[in-house]
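Chemist: Pasting a structure here, questions to come.
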Amino acid sequence: MTAIDFDTRLSKVVGDSAKKLEKAFGHRTVGDLLRHFPRRYIDLEHPDSFEDLEEGHVVAFVATVLDVKKLPFRNNPRKFRVVVTLSDGRATMEAVFFNQYAVSKTPVGSQQLLSGEVSVYQGRLQLASPHMRELPEGKTLADLGRGGGAMPIYPAGGGLTTWDVERAVTVALDVVDVFPEPIPAAVRSERGLLDAPTAYEYIHRPRKRSDWVFAQTRLRFEEAFEVQAVFARRRSDSAQRRSLARPGRGDGIRVAFEQRLPFQLTAGQAQVAAEIDQDLAATHPMHRLLQGEVGSGKTIVALLAMLQVVDSGGQAALLAPTEVLATQHHRSMERMLGDLAKGGMLGGADEATRIRLLTGSMGAKARQQALLDIVSGEAGIVVGTHALLEQTVQFADLGLVVIDEQHRFGVEQRSALSDRAAAADGVSPHVLVMTATPIPRTIAMTVFGDLEVSTLRELPAGRQPIQSNVVPVAEQPGWLERAWQRVHEEVGRGRQAYVVVSRIGEATADDDVEPPPDDDAEEKRPTVGLVELAEALEQGPLAGLRLGRLHGRMPPDEKDAVMSAFAAGDVDVLVATTVVEVGVDVPNATMMIVMDADRFGVSQLHQLRGRVGRGSEPGLCLLVTGSPAGTSARERLAAVAASTDGFELSRLDVELRREGDVLGARQSGVRSSLKLLSVVRDEQIIADARDAAVAALDSGDVPPDLEASIRRLEESERAEYLERA
Ligand code: ADP
Ligand code: MG
């Protein structure tokens with residue numbers, strides 16, 4: 001008989017349950033099932049008592065049901081919640097369930113096993129949609145524990161309960177012969193980590209708290225170690241790739257440009273520019289992430305790098321996520337460079353080059369001209385959107401790829417340009433990616449482990465702070481009217497304003513969406529759409545002002561026209577969706593009103609308000625919300641209003657939104673691959689695993705199972721995610 005290992009099909013081990021496990025969770029192999037780790041444990045020796053509970057704690061306990069109430073929602077009687085009042089013998093608390101008919105039939109007096117996350121609703125602790133199961137009559141919790149004092153609670157779903165999962169896991173654990181061991185023995189013993197068989201036994205069948213704690217420590221390290229091994233491998237591969245050195249020269253366009261810069265670089269800009277100089281002068285490709293606070297001036301840093309490449313005879317491409325942004329970059333670079341951008345033209349300076357724009361909406365003629373300048377090398381700098389990535393775009397000598405607002409791009413898109421260039425002649429361009437969504441260090445290490453990171457924390461001197469206020473229309477309906485008056489006042493002083501909305505037109509039918517458990521539970525408040533709001537403002541509170549509308553579904557040339565008009569001061573108030581979120585730079589805009597601000601994430605709000613206060617005038621940002629006081633939405637908005645530190649806010653965002661989401665849906669690969677590791681909490685582990693992985697690969701101490709893991713990651717969704725030039 002062949003040995004049973006992690007690759008063995010589940011059907012060989014758990015029989016008919018295999019189908020259900022595949023349907024519910026996608027598990028196909030023994031490994032899939034054994035990596036389905038418990039979400040939490042009930043410590044039978046030290047059960048949680050209500051008195052120790054705090055918001056955010058994940059808890060599990062047994063309680064007696066005192067009362068069950070079924071309460072329909074006011075505005076939709078077909079929907080209801082069930083409130084179950086529980087007692088642990090000393091104190092009481094409530095658990096809330098949405099539209100679960102079966103729960104409304106829970107017998108009063110029954111003993112229930114509950115697990116879930118403690119939240120706060122209207123100032124009181126509660127469990128929202130916890131996992132609940134009745135204990136058989138006469139049984140105590142201890143009767144359910146097997147062979148010890150702990151019970152695992154598994155992520156359930158697809159018709160399978162934690163108990164179903166546990167049963168299958170137990171069978172698999174009993175028969176599996178070989179556990180993969182990707183961590184070298186030396187690495188394990190240095191850190192006192194459990195070996196693989198013990199770790200799997202303890203994570204699924206702990207006898208006491210310390211068992212699962214040790215098991216989690218080991219398996220968390222394993223996750224970090226595997227990811228870092230992939231990065232270490234990539235870094236050493238990349239070090240072997242060849243690039244042309246682009247050291248620039250002392251009498252070229254870069255120096256000429258620096259001499260006419262209208263301002264001084266901040267210390268941070270100067271330092272990062274120097275780091276990039278050095279990278280560009282090396283003969284292997286730069287892979288650098290430039291993260292900077294909103295408005296910290298990343299574009300200039302990128303432009304200096306691009307000019308250095310031009311001075312070395314190469315071309316630079318700047319990839320922007322939207323036409324609005326690409327057009328803006330093109331326009332502002334031409335303006336800043338002046339005659340330095342008029343290469344080969346009348347009135348151009350000697351060192352001059354050409355900047356070409358390439359977007360999807362360009363006419364055939366303009367496009368032809370741009371393509372020609374790109375392939376001939378006349379265009380030293382090319383700015384564009386996704387249109388740049390098409391096969392028909394050929395560069396004469398692409399030396400640097402800059403990607404602005406990288407989080408808006410998928411992985412393949414980020415690497416497409418440089419991969420193509422490398423494939424053509426074996427020489428890789430240098431790559432600089434920029435983001436204004438600050439990424440906490442550990443995420444950078446986990447997600448961008450093969451990038452060097454530069455950070456711009458300071459804003460240019462003389463920048464006025466942005467003041468942010470929450471406008472709670474539920475309690476203070478009059479404040480909104482006052483907000484519109486403020487817009488009039490700003491415009492009266494020659495300034496401009498943004499009004500940001502969360503959607504364009506009619507709300508879609510989202511009747512079936514379960515209300516989020518934290519707030520909004522009783523009413524799903526309607527949001528205001530761009531079309532109706534702009535109309536209402538034009539005829540009401542903002543009558544007499546010149547309003548513009550901007551959203552993603554407009555034809556590109558219309559978008560461009562509106563944006564240009566706004567930049568030129570011909571539009572007073574821009575009513576827009578989040579298309580203005582990234583990069584838009586109109587220093588004369590001093591005020592922003594965000595409607596339904598509770599619909600936006602923390603980092604997103606920070607990005608949005610970064611559009612104002614970019615000049616010498618102080619900025620004002622009003623966060624309008626209908627969320628009632630005391631809800632977590634209101635707390636979130638208060639946090640944004642209270643801090644202008646993007647790094648702090650992004651950390652908060654990570655905590656609120658659970659890791660992966662911070663990087664956007666397209667980048668969520670890492671989320672599904674990391675099971676126990678938290679990129680927020682486990683900074684130490686990740687740093688340690690990184691060192692260990694580098695040392696192991698350097699010394700050749702790579703167990704076959706680690707080699708297999710690296711290969712698996714390379715091939716899997718995770719690898720696709722990590723894939724970069
Ligand atoms: P972001 O980092 O958000 O992309 P930008 O590059 O758009 O920021 O820069 C924001 C504004 O600050 C631009 O108008 C730019 O010209 C200006 N700026 C950049 N660097 C400086 C500086 N050192 N001093 C003054 N203004 C600067
Ligand atoms: Mg920018």
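Chemist: For ALA320, only one of the following conditions fails: (1) buried (at least 23 other Cβ atoms within 10 Å of the Cβ); (2) over 25 Å from PRO555 (Cβ atoms); (3) within 16 Å of ligand 1 (Cβ to nearest atom); (4) of a type in the set (A, V, I, L, M). What is its number?
Modeler: ALA320 satisfies all of (1) buried (at least 23 other Cβ atoms within 10 Å of the Cβ); (2) over 25 Å from PRO555 (Cβ atoms); (3) within 16 Å of ligand 1 (Cβ to nearest atom); (4) of a type in the set (A, V, I, L, M) except (2).
Chemist: In addition: Could you count how many residues in region 284-315 are at pLDDT 90 or above, within 13 Å of ligand 1 (Cβ to nearest atom) and among the β-branched types (Val, Ile, Thr)?
Modeler: Residues meeting the conditions: 3.
Chemist: Something else now. Please work out which residue is modelled with the lowest pLDDT, limiting yourself to region 408-454 and to residues that are within 16 Å of ligand 2 (Cβ to nearest atom) and outside any loop (DSSP other than H, G, I, E, B).
Modeler: Of the residues in region 408-454, the ones within 16 Å of ligand 2 (Cβ to nearest atom) are 408-409, 432-439, 454.
Imposing the further condition that a residue be outside any loop (DSSP other than H, G, I, E, B) reduces the set to 408, 432-435, 454.
Values: ARG408: 70, LEU432: 95, VAL433: 90, MET434: 91, THR435: 85, SER454: 90.
Restricting to residues being within 16 Å of ligand 2 (Cβ to nearest atom) and outside any loop (DSSP other than H, G, I, E, B), the top hit is ARG408.
Chemist: Would you check which residues across region 349-369 are surrounded by fewer than 18 Cβ atoms within 10 Å (Cβ to Cβ), out of contact with any helix residue (DSSP H, G or I) (no Cβ under 6 Å at 6 or more places or on another chain) and among the aliphatic types (A, V, I, L, M) and list them?
Modeler: The answer is ALA364, ALA366.
Chemist: Let me ask something additional. Any idea which of (1) touching a residue at least 24 places away in the same chain (Cβ under 8 Å); (2) touching a Ser or Thr at 6+ places or on another chain (Cβ under 7 Å) is the one GLY56 doesn't satisfy?
Modeler: For GLY56, the exception is condition (2).
Chemist: Here's another thing I want to ask about it. Just give me the residues in region 654-710 being at pLDDT below 50, over 26 Å from LEU34 (Cα atoms) and part of a helix (DSSP H, G or I), in sequence order. Break it down into steps so the answer makes sense when it comes.
Modeler: At the first step, the residues of region 654-710 found to be at pLDDT below 50 are 658-672.
Those left that are additionally over 26 Å from LEU34 (Cα atoms): 662-666.
The answer is VAL662, LEU663, ALA665, ARG666.
Chemist: From the list LEU649, LEU637, LEU605, LEU620, which one is more than 20 Å from the chain's Cα centre (by Cα), open to solvent by less than 30 Å² (accessible area, probe 1.4 Å) and away from ligand 2 (no atom under 16 Å from the Cβ)? Give the derivation first.
Modeler: Values: LEU649 fails: more than 20 Å from the chain's Cα centre (by Cα); LEU637 fails: more than 20 Å from the chain's Cα centre (by Cα); LEU605 fails: more than 20 Å from the chain's Cα centre (by Cα).
Step by step, each of LEU649, LEU637, LEU605, LEU620 is checked, and only LEU620 is more than 20 Å from the chain's Cα centre (by Cα), open to solvent by less than 30 Å² (accessible area, probe 1.4 Å) and away from ligand 2 (no atom under 16 Å from the Cβ).
Chemist: Right, here's the next one. Write out, first by first residue and then by second, each pair whose Cβ atoms fall under 6 Å of each other, whose residues are 6+ apart or on separate chains, and whose first residue, in region 248-276, is farther than 15 Å from GLN308 by Cα while the second is within 16 Å of ligand 2 (Cβ to nearest atom) and not polar (S, T, N, Q).
Modeler: Correct list of pairs: THR266/GLU458; THR266/PRO460; GLY268/LEU456; GLY268/GLU458; GLN269/GLY297; GLN269/VAL301.
Chemist: Just checking, which of ALA224, ALA196 is in contact with an Asp or Glu (Cβ under 8 Å, 6 or more places away or on another chain) and modelled with pLDDT of 95 or more? It would help to see each step written out before you state the result.
Modeler: Numbers: ALA224 fails: modelled with pLDDT of 95 or more.
From the options ALA224, ALA196, the qualifying one is ALA196.
Chemist: While we're looking at this one, here's another question. I need every pair where a residue in region 450-462 that is in contact (Cβ under 8 Å) with a residue 24 or more places away in the chain has its Cβ under 6 Å from the Cβ of a residue that is hydrophobic (A, V, I, L, M, F, W, C) and within 15 Å of ligand 1 (Cβ to nearest atom), sequence separation at least 6 or different chains.
Modeler: Short answer, once both residue conditions are applied: LEU451/LEU289; VAL453/LEU289; SER454/VAL272; SER454/LEU290.
Chemist: Of all residues in region 623-632, which are at pLDDT below 85 and surrounded by 19 or more Cβ atoms within 10 Å (Cβ to Cβ)?
Modeler: Across region 623-632, the qualifying residues are THR631, SER632.
Chemist: Residues of region 148-180 being open to solvent by 30 Å² or more (accessible area, probe 1.4 Å) and of a type in the set (Asp, Glu), which ones?
Modeler: ASP164, ASP174, ASP177
For (1) under 28 Å from the mean Cα position of the chain (by Cα); (2) farther than 17 Å from GLU222 by Cβ; (3) among the hydroxyl-bearing types (Ser, Thr, Tyr), each residue gets a yes or a no:
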position	(1), (2), (3)
ILE4	no, yes, no
LYS12	no, yes, no
GLU22	no, yes, no
PHE25	yes, yes, no
PRO38	yes, no, no
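Chemist: While we're on this one: When the residues of region 548-588 are narrowed to those that are within 16 Å of ligand 2 (Cβ to nearest atom) and without any contact (Cβ under 8 Å) to a residue 40 or more places away in the chain, which ends up surrounded by the most Cβ atoms within 10 Å (Cβ to Cβ)?
Modeler: Residues of region 548-588 that are within 16 Å of ligand 2 (Cβ to nearest atom), as a first pass: 563, 567, 578-587.
Keeping just the survivors that are without any contact (Cβ under 8 Å) to a residue 40 or more places away in the chain gives 581, 587.
On the way: GLU581: 24, PRO587: 15.
Among residues in region 548-588 that are within 16 Å of ligand 2 (Cβ to nearest atom) and without any contact (Cβ under 8 Å) to a residue 40 or more places away in the chain, the one surrounded by the most Cβ atoms within 10 Å (Cβ to Cβ) is GLU581.
Chemist: Separate question: Taking the conditions exactly as written (aromatic (Phe, Trp, Tyr) and more than 26 Å from ASP585 (Cβ to Cβ)), does PHE395 satisfy them or not? Walk me through it before giving the result.
Modeler: Details: aromatic (Phe, Trp, Tyr): yes; more than 26 Å from ASP585 (Cβ to Cβ): yes.
Against the criterion (aromatic (Phe, Trp, Tyr) and more than 26 Å from ASP585 (Cβ to Cβ)), PHE395 qualifies.
Chemist: Scan region 462-480 residue by residue and report those that are of a type outside the set (A, V, I, L, M) and open to solvent by less than 50 Å² (accessible area, probe 1.4 Å).
Modeler: Those that are of a type outside the set (A, V, I, L, M) and open to solvent by less than 50 Å² (accessible area, probe 1.4 Å): SER468, PRO472, GLY478.
Chemist: Against the condition of a type in the set (A, V, I, L, M, F, W, C), assigned to a loop (DSSP other than H, G, I, E, B) and modelled with pLDDT of 95 or more, how does ILE183 come out, does it pass? Let's see the steps before the verdict.
Modeler: On the way: of a type in the set (A, V, I, L, M, F, W, C): yes; assigned to a loop (DSSP other than H, G, I, E, B): yes; modelled with pLDDT of 95 or more: yes.
Criteria met by ILE183.
Chemist: Is it fair to say ARG609 is within 13 Å of ligand 1 (Cβ to nearest atom), touching a Lys or Arg at 6+ places or on another chain (Cβ under 8 Å) and touching a residue at least 60 places away in the same chain (Cβ under 8 Å)? Break it down into steps so the answer makes sense when it comes.
Modeler: Numbers: within 13 Å of ligand 1 (Cβ to nearest atom): yes; touching a Lys or Arg at 6+ places or on another chain (Cβ under 8 Å): no; touching a residue at least 60 places away in the same chain (Cβ under 8 Å): yes.
No.
Chemist: From ALA282, ALA305, grab the single residue that is under 27 Å from ARG234 (Cα atoms), touching a residue at least 24 places away in the same chain (Cβ under 8 Å) and touching a Leu at 6+ places or on another chain (Cβ under 9 Å).
Modeler: On the way: ALA282 fails: touching a Leu at 6+ places or on another chain (Cβ under 9 Å).
Step by step, each of ALA282, ALA305 is checked, and only ALA305 is under 27 Å from ARG234 (Cα atoms), touching a residue at least 24 places away in the same chain (Cβ under 8 Å) and touching a Leu at 6+ places or on another chain (Cβ under 9 Å).
Chemist: Then there's this: Give the residue that is surrounded by the most Cβ atoms within 10 Å (Cβ to Cβ), with candidates limited to residues of region 181-195 that are of a type in the set (Asp, Glu) and within 20 Å of ALA3 (Cα to Cα).
Modeler: So the first thing to find is which residues in region 181-195 are of a type in the set (Asp, Glu), and the list is 181, 190, 195.
Filter once more, keeping what is within 20 Å of ALA3 (Cα to Cα): 181, 195.
On the way: GLU181: 17, ASP195: 14.
Once the filter is applied, the top-ranked residue is GLU181.
Chemist: Does LEU340 satisfy being of a type outside the set (Asp, Glu), more than 13 Å from ligand 2 (Cβ to nearest atom) and surrounded by 21 or more Cβ atoms within 10 Å (Cβ to Cβ)?
Modeler: Values: of a type outside the set (Asp, Glu): yes; more than 13 Å from ligand 2 (Cβ to nearest atom): yes; surrounded by 21 or more Cβ atoms within 10 Å (Cβ to Cβ): yes.
When the stated conditions are applied, LEU340 passes them.
Chemist: In region 589-599, is there at least one residue being within 16 Å of ligand 2 (Cβ to nearest atom) and open to solvent by 10 Å² or more (accessible area, probe 1.4 Å)? Walk me through how you get there before you give the answer.
Modeler: Quick first cut of region 589-599, residues within 16 Å of ligand 2 (Cβ to nearest atom) only: 589.
Next, only the ones that are open to solvent by 10 Å² or more (accessible area, probe 1.4 Å) stay: none.
Scanning region 589-599, I find no residue that is within 16 Å of ligand 2 (Cβ to nearest atom) and open to solvent by 10 Å² or more (accessible area, probe 1.4 Å), so the answer is no.
Chemist: Name the residues in region 266-275 that are aliphatic (A, V, I, L, M) and within 16 Å of ligand 2 (Cβ to nearest atom), would you?
Modeler: VAL272, ALA273
Chemist: Also, I was wondering about something else. Going through region 94-105 one residue at a time, which ones are within 17 Å of TYR121 (Cα to Cα) and either surrounded by fewer than 17 Cβ atoms within 10 Å (Cβ to Cβ) or in contact with a helix residue (DSSP H, G or I) (Cβ under 7 Å, 6 or more places away or on another chain) (or both)? Talk me through it step by step, then tell me what you get.
Modeler: Here is the first cut: in region 94-105, the ones within 17 Å of TYR121 (Cα to Cα) are 94-98.
Once the filter is applied, which keeps residues that are within 17 Å of TYR121 (Cα to Cα) and either surrounded by fewer than 17 Cβ atoms within 10 Å (Cβ to Cβ) or in contact with a helix residue (DSSP H, G or I) (Cβ under 7 Å, 6 or more places away or on another chain) (or both), region 94-105 yields only PHE97.
Chemist: Residue by residue through region 323-337, note down the ones that are surrounded by fewer than 20 Cβ atoms within 10 Å (Cβ to Cβ) and either more than 37 Å from the chain's Cα centre (by Cα) or more than 16 Å from ligand 2 (Cβ to nearest atom) (or both).
Modeler: First pass over region 323-337, keeping only residues surrounded by fewer than 20 Cβ atoms within 10 Å (Cβ to Cβ): 331-332, 334-336.
Within region 323-337, GLU334 is the sole residue that qualifies.
One line per residue, one yes/no per condition, for (1) within 16 Å of ligand 1 (Cβ to nearest atom); (2) at negative phi; (3) under 36 Å from the mean Cα position of the chain (by Cα):
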{"residue": "GLY347", "(1), (2), (3)": "no, no, no"}
{"residue": "ARG356", "(1), (2), (3)": "no, yes, yes"}
{"residue": "GLY360", "(1), (2), (3)": "no, yes, yes"}
{"residue": "LEU388", "(1), (2), (3)": "no, yes, yes"}
{"residue": "GLU405", "(1), (2), (3)": "yes, no, yes"}
{"residue": "ARG408", "(1), (2), (3)": "yes, yes, yes"}
{"residue": "SER415", "(1), (2), (3)": "no, yes, yes"}
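Chemist: Right, next: Would you confirm whether any residue within region 21-37 is farther than 14 Å from LEU173 by Cα, free of Cβ contacts under 8 Å to residues at least 12 places away in the same chain and not aromatic (Phe, Trp, Tyr)? Give the steps one after another, and end with the answer.
Modeler: Our first condition is that a residue be farther than 14 Å from LEU173 by Cα; within region 21-37, this holds for 21-28.
Filter once more, so that each one left must be free of Cβ contacts under 8 Å to residues at least 12 places away in the same chain: 26.
Of the ones still in play, those that are also not aromatic (Phe, Trp, Tyr) are 26.
Within region 21-37 (the criterion being farther than 14 Å from LEU173 by Cα, free of Cβ contacts under 8 Å to residues at least 12 places away in the same chain and not aromatic (Phe, Trp, Tyr)), the answer is yes, since at least one residue qualifies.
Chemist: Oh, and also: Out of GLU405, GLU390, which single residue is at pLDDT below 90, open to solvent by less than 20 Å² (accessible area, probe 1.4 Å) and under 29 Å from GLN240 (Cα atoms)? Spell out the reasoning first.
Modeler: On the way: GLU390 fails: open to solvent by less than 20 Å² (accessible area, probe 1.4 Å).
Checking each option against the conditions leaves just GLU405.
The values are calculated or read from the model by the stated rules, or taken from the named source; none is laboratory data. Computed from a predicted model, the values in this text were never measured in an experiment. For neighbour counting, all protein chains shown are included, and Cβ atoms are generated from backbone atoms with ideal geometry for every residue, glycine included. All accessible areas refer to the heavy atoms of the entire protein, side chains included, with ligands and DNA or RNA removed. Shrake-Rupley method; radii C 1.70, N 1.55, O 1.52, S 1.80 Å.
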